[in-house]
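Before any comments, here is the structure.
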Amino acid sequence: DTFHHFGRPAAVLDAIRGALRDGGSFLIAETSLSGDPTTDASDPFAIITYGSNLLYCFQESKVDGGAGLGATWPPQHLEPLLTEHGFKIAATYASGAGYAVSRAILRGPGGPRQRRHATAGQRGARCN
């Protein structure tokens, strides 16, 4: 639940891409609100989220001309941004606590840590 705080989300994704090898992944969790107050009004969690967004999250993200995503940034905008920076969403889990948790996988060459994958017989099973 931090991505919407970053004023420069593209730079954050580029840094993550540089730290992963091809096929590496990371998790990103954000609220599962629609971004439309009328639609979200039936969710009691939305009242807290919209309030904290206006007082804190959005303001923090706008510092120094940042993106201003805020806590009510719709999750459907995440996939195009990830795609633009070399990731694809492998899976998304909707938690009972009002969050969408997505696993993003690097689709191409990563950063300096990129290396050839060893076979299971060489190093045992491994997770990315």
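The values are calculated or read from the model by the stated rules, or taken from the named source; none is laboratory data. Note that the coordinates shown come from a computational prediction; the quantities given were computed from them, not determined experimentally. For neighbour counting, all protein chains shown are included, and Cβ atoms are generated from backbone atoms with ideal geometry for every residue, glycine included. Just so you know, the surface numbers come from the protein's heavy atoms only, side chains and all, with ligands and any DNA or RNA stripped out. Shrake-Rupley method; radii C 1.70, N 1.55, O 1.52, S 1.80 Å.
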> Within segment 41-69, can you find the residues that are under 28 Å from PHE87 (Cα atoms), among the acidic types (Asp, Glu) and more than 18 Å from the chain's Cα centre (by Cα)?
Replying inline: ASP64
> Right, ALA104: under 17 Å from LEU33 (Cα atoms), small (Gly, Ala, Ser) and under 15 Å from the mean Cα position of the chain (by Cα) or not?
Replying inline: no
>> Restricting to segment 1-51, name every residue that is out of contact with any strand residue (DSSP E or B) (no Cβ under 7 Å at 6 or more places or on another chain), open to solvent by 50 Å² or more (accessible area, probe 1.4 Å) and not in a loop (DSSP other than H, G, I, E, B).
In response: ALA11, ASP14, ALA15, PRO37, THR38, THR39, PRO44, PHE45, ILE47, ILE48
>> When the residues of segment 103-127 are narrowed to those that are charged (D, E, K, R) and not in a loop (DSSP other than H, G, I, E, B), which ends up modelled with the lowest pLDDT?
In response: ARG123
> In the list ALA71, ALA100, which residue meets the criterion of being buried (at least 17 other Cβ atoms within 10 Å of the Cβ), touching a residue at least 12 places away in the same chain (Cβ under 8 Å), out of contact with any Cys (no Cβ under 6 Å at 6 or more places or on another chain) and not in a helix (DSSP H, G or I)?
Replying inline: ALA100
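Would you pick out the residues in segment 54-68 that are assigned to a loop (DSSP other than H, G, I, E, B) and either acidic (Asp, Glu) or open to solvent by 20 Å² or more (accessible area, probe 1.4 Å) (or both)?
Scanning segment 54-68 gives a single hit, ALA67.
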